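Engineer: Okay, here's the structure, questions in a sec.
The numbers here are math on the coordinates, done by the rules we state, and not lab data. Treat the numbers as computed from the prediction; the structure is a model and nothing was measured. Please note: Cβ atoms are built from the backbone with ideal geometry, for glycine as well, and neighbour counts cover all protein chains shown.
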Amino acid sequence: MPRARTDAPLLFSSFRGAERFLTAIPEEAALLEGIPTTQALIEMIHLRTLNALEFSKITALLASFCLTEEGRTRAESLLPAPTQGEADFALTLFDAFLAWQADTDVRRLYVVSAVPDVSPLFRALSRPSFLPDANAFWALRSVLNTAKNARSAILLSKSAAWQPLATFAEGHELPKTLLQALNRCISDDALLKDESSPELYRLRTEIRSLHQHCLGKVRDFANKYNILSYLQEEFMTISQDRYVLPLKATYKGRLQGILHDWSQTGETCYFEPMFLVELNNRLQGLKREEREEEMRVLDYLADLLRREREAAESALALLSELDFLNAKKRMAEKLSARIVRCTPREEGLHLYAARHPLLVLQEEEAKERKETPHLVHPLDIALRPDDRCLLITGGNAGGKTVCLKTLGLIQTMVQSGLPVPCDQGSHLFWLERMDAFIGDEQDLGDHVSTFTAQIKHLAKAWKHLTEGSLVLLDEFGAGTDPTHGAALAQAVLERLLERGSVVLCATHFPTLKIWALSSEHVRAASMLFDPHSKRPLFRLAYDQVGQSQTLLVAREHGLPEEIICRAEKILLVNDEETGSLLDRLNALALSREKELDELRRLQKKNDADTRNLREKLSREREDLIGEVSKTIQELMRAWKSGKIQAKEAMTQLKQERAKLTAQRTEETRTASEPLRAISAGQKVRHKTLQKTGLVTDVDERKGRARLDLGGISIWASLADLQETAGAPRISASPAGTGVTDPGFMPLLDVRGERLESAQRALERFLDKNVLAGLSSVEIVHGRGTGVLRRAIHSYLSTCPGIDHFELAPEDQGGDGKTIVYFR
């Protein structure tokens, strides 16, 4: 695996490993050619749009889950990926990480945890004034050992579930020489080990020997001159890197020597007797040599780090990636989020039960504080393949802006490789650019009004709004004359549709509502409200428009009632009739949504019941097969030992077969995927044998099909076959079946086997086919000396379930094959 380019820009740090992954896939390698500059990214999603969608709050949340400084830096600087390939890579890597973390063996071997920050060491390494430090190398040792453990845990099993992560880890090689040197030289308490070098070992051994010698001399001197009463402590200590005696201050003039220091209380003086002076001088020389040797060891480690810096940084990048992926996992758990992929644009866009991520976060934080949370209302946001514009209408504070922000933020997160809070089955399409014109954009400093600011920003972005762009317009044109604003908004929408852009627009303009209901590629939607209380329900109903509920919102927010009443009188009669019509449409849409909810509930219940029934039948089938197999084995042993007659054994075998037939009938009745049509090349499942095979021929007249079951061909009744969910249709090849005779039967080949192994294989083969209810089978034993054939015939003649057997015709194998017929 080639190393990553060291000259690649680090702007998108969350995708630094993409190159290592993609170099293993030649057809994808071109995805990373020409990583765009910051300006190119701004042209894709402007920073103003990211601020409007509050994407920085998502990156801050992600950073809060990171355990390393590198991970936090990556999370805080995360931006949408410049290409779909990089976003898909990030999601694929995250999916593989989830599978890896779900493995119990992995959790025992490695848990993502915090590691020391070694970035200052790498920054200082290139400076001329760099002085190696044992503490820094201890931190580096900890990081590299953690990376080694993580890499080993990833590569422990070549599981396909996390193969992308394994490929990524393989591209991050460790600095083996440096790691071995660090483990040899640096101790767990951040000190240099004696074994760091032979010279250091010699010096420290001599220092320890000298220490013992000094200790002995002090004891001898104290005992000889009886000075123990002079000492504050029984043993010597060290002051200014010299061995001294802790002498009581009142006895400082009793002995000859050098006074080095006093204690803070003044009761103890640190006294060097004359007999220790020469030893201390020797100790000082050894200490100086020790420091010089330690510096040589540290310089050696620094040189190793310089030589293997790329591999060391690669190991650090691996840990940073794992920390980043773990932060994604924790954020997904916090937001109840899942992976959503970008599909081709022809498939449209559909977010099932999409929740605004920041509202979900607020809800979870309120629960943690044990406060009553504001419920987050999920939204189904859909654009059909032919739709280019979704025009959202409805009352104030009904959720129109939240709908726009939900789609915009989820789209940004998906293109950044993040999980999003929505239900399974959701999908988006890739956007080359997204612009959001949401909220009050006026700027008093630049003397720009709300309407002027919208126009100014739209004008700047206009040249980029082409096919592949998403535009979010929140009440565009509302800051000016309504008639002129509506006309301008409609003109902008029409021109954006001509350019191929996708638009989500929230509006109150009546003319735009009419335009949406009468225009191609435009779909109208309305935020529903309760017909009785007039409160918003925060649900989106499609193919209809809604009214603004202006007076209701004003009343709820405390505007004086006399003003509300006067406004109601000023409204024209036509407006009242229009309002009544919209109320009726809202009631009908709400009724339809309730019916759809009930249908979804019933569908989920039916799916759950079907799944439970399947599982129950599967358990019963396994229990029954085990019971029948055990009974048949007991019958065979009883018949062989002479305890029962052949006729009685056959009667009981038929009873056991009847049990299996009843079970098969029940499974056929409850099968979720009956066989509707069958043709050659189709994969089907044999219900009795519980095997999946390929259809090679169909005999519709007799209602049967020939299956290839792993090299064995059998004819099976169509009633015994079941469709395999999602199975592809494969072109059948006569050469691939190995047999062309429609009457071909299951076959056992024991040529070359020893007698004992051949007999064991024959017993299992016969038992299985008796249970399957087949009428005959074939046994290939070869001609040879005839010993194997005679042994097989001898055994067959003792089996109660066999009616008779005979050698095959000469054109089908002759005396090298035996055909067995069951009763």
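Engineer: Between residue 265 and residue 709, with labels modelled 7 Å along Cα→Cβ, what's the label distance in nm to one decimal, could you check?
Structural biologist: So the two model labels end up 9.3 nm from each other.
Engineer: Once the dipole of segment 67-222 is set up with Lys and Arg at +1 and Asp and Glu at -1 on Cβ about the Cα centre, which of 200, 121, 222 lies farthest towards its positive end?
Structural biologist: Among 200, 121, 222, the one farthest towards the positive end of the dipole of segment 67-222 is 222.
Engineer: If you plug each phi of segment 306-312 into the Karplus form 6.51 cos²θ - 1.76 cosθ + 1.60 with θ = phi - 60°, what whole-Hz ³J(HN,Hα) values come out, in order, with x for Gly and Pro?
Structural biologist: Residue by residue, segment 306-312 yields 5, 5, 10, 4, 4, 5, 5 Hz.
Engineer: Along the Cα→Cβ direction, 7 angstrom out, place labels at residue 84 and residue 776. What is the inter-label distance in nm?
Structural biologist: Label-label distance for residue 84 and residue 776, simple model: 5.8 nm.
Engineer: Classify segment 219-376 from the C-alpha gyration tensor, please: rounded if a/c falls under 1.5, else prolate or oblate depending on whether a/b exceeds b/c.
Structural biologist: The shape class here is oblate.
Engineer: Going by average Cβ neighbours within 10 Å, how do the peptides 319-327, 477-485, 59-67 rank, with the highest at the top?
Structural biologist: The most tightly packed comes first, giving 319-327, 59-67, 477-485.
Engineer: Stokes-Einstein D for segment 329-373 at 10 °C, 1.306 mPa s, Kirkwood Rh over Cα pairs, in µm²/s?
Structural biologist: 128 µm²/s
Engineer: What is the sum of charges around residue 206, taking Lys and Arg as +1, Asp and Glu as -1, for the other residues whose C-beta is under 10 Å from the C-beta of residue 206?
Structural biologist: +2
Engineer: If you don't mind, another one. Is there a pair in 370/616; 334/463; 57/400; 630/702; 193/224; 456/513 whose C-alpha atoms are over 29 Å apart, and which pairs would that be?
Structural biologist: Checking Cα-Cα distances, 370/616; 334/463; 630/702; 193/224 exceed 29 Å.
Engineer: Take each of the peptides 601-609, 281-289, average the number of other beta-carbon atoms within 10 Å over its residues, and list them starting from the highest.
Structural biologist: Ranking the peptides 601-609, 281-289 by packing returns 281-289, 601-609.
Engineer: Here's something else I'd like to know. Label-point separation (nm) for residue 104 and residue 760, each offset 7 Å from Cα along Cα-to-Cβ?
Structural biologist: Rounded to a tenth, the inter-label distance reads 3.0 nm.
Engineer: Additional query: Using modelled amide H (1.01 Å from N, peptide plane; none on Pro or chain starts), what sits under 5 Å from the amide H of residue 644, excluding residues fewer than 5 places away?
Structural biologist: 639
Engineer: Dipole size in debye (nearest 20) for segment 360-437 around its Cα centre, Lys and Arg Cβ +1, Asp and Glu Cβ -1?
Structural biologist: With Lys and Arg at +1 and Asp and Glu at -1, about 140 debye.
Engineer: Debye calculation, C-alpha points only, no solvent: report log10 I(q)/I(0) for segment 351-498 at q = 0.09, 0.14 Å⁻¹, in the same order as the q values.
Structural biologist: -0.34, -0.80
Engineer: Can you give the extra length, in nm with one decimal, that the chain gains between residue 346 and residue 375 once fully stretched, where that is 0.36 nm per residue apart less the Cα-Cα distance?
Structural biologist: Extra length available between residue 346 and residue 375 comes to 7.0 nm.
Engineer: Could you give the length gained on full extension between residue 124 and residue 495, defined as 0.36 nm per residue of separation minus the Cα-Cα distance, in nm?
Structural biologist: 128.0 nm
Engineer: Net charge near residue 783: determine it from the other residues with C-beta under 10 Å of the C-beta of residue 783, scoring Lys and Arg +1 and Asp and Glu -1.
Structural biologist: In short, +2.
Engineer: Compute, for segment 32-191, the length of the dipole vector about the Cα centre, with Cβ point charges of +1 (Lys, Arg) and -1 (Asp, Glu) only. Units Debye, rounded to 20.
Structural biologist: I would put it at about 380 debye.
Engineer: Once you order the gyration tensor axes a ≥ b ≥ c over the Cα atoms, which shape class does segment 238-289 get: rounded for a/c under 1.5, otherwise prolate or oblate by comparing a/b with b/c?
Structural biologist: oblate
Engineer: Restricted to Cα positions, what overall size does segment 268-342 have along the principal axes? Three whole-Å values, descending.
Structural biologist: Projected onto its principal axes, the Cα set of segment 268-342 covers 83, 40, 9 Å.
Engineer: Using only the C-alpha atoms of segment 183-223, find the volume of their convex hull and express it per residue in Å³.
Structural biologist: With only Cα atoms used, segment 183-223 gives 60 Å³ per residue.
Engineer: Dipole magnitude of segment 311-360 about its Cα centre, charges +1 at Lys/Arg Cβ and -1 at Asp/Glu Cβ only, in debye to the nearest 20?
Structural biologist: So the dipole magnitude of segment 311-360 works out to roughly 300 debye.
Engineer: Follow-up question, since we're still on this one. Please list the three semi-axes, largest first and in whole Å, of the ellipsoid equivalent to segment 131-236, using sqrt of 5 times the eigenvalues of its alpha carbon gyration tensor.
Structural biologist: 51, 14, 11
Engineer: Kindly state, to the nearest 0.05, the FRET efficiency for residue 631 paired with residue 113, given R0 = 56 Å and r defined as their beta-carbon distance.
Structural biologist: That pair, residue 631 with residue 113, gives E of 0.50.
Engineer: Among 404-415, 793-804, 268-279, how do they line up from the highest to the lowest mean number of other beta-carbon atoms within 10 Å?
Structural biologist: Packing order, densest peptide first, comes out as 404-415, 268-279, 793-804.
Engineer: Using the eigenvalues of the Cα gyration tensor, what equivalent ellipsoid semi-axes result for segment 772-823 when each is taken as the square root of five times the eigenvalue, whole Å, largest first?
Structural biologist: Over the Cα atoms of segment 772-823, the semi-axes work out to 19, 14, 7 Å.
Engineer: How much length, in nm to one decimal, is gained on full extension between residue 188 and residue 287, taken as 0.36 nm per residue of separation minus their Cα-Cα distance?
Structural biologist: 33.4 nm
Engineer: Given R₀ = 22 Å, FRET efficiency for residue 616-residue 692 by Cβ-Cβ distance, to 0.05?
Structural biologist: 0.55
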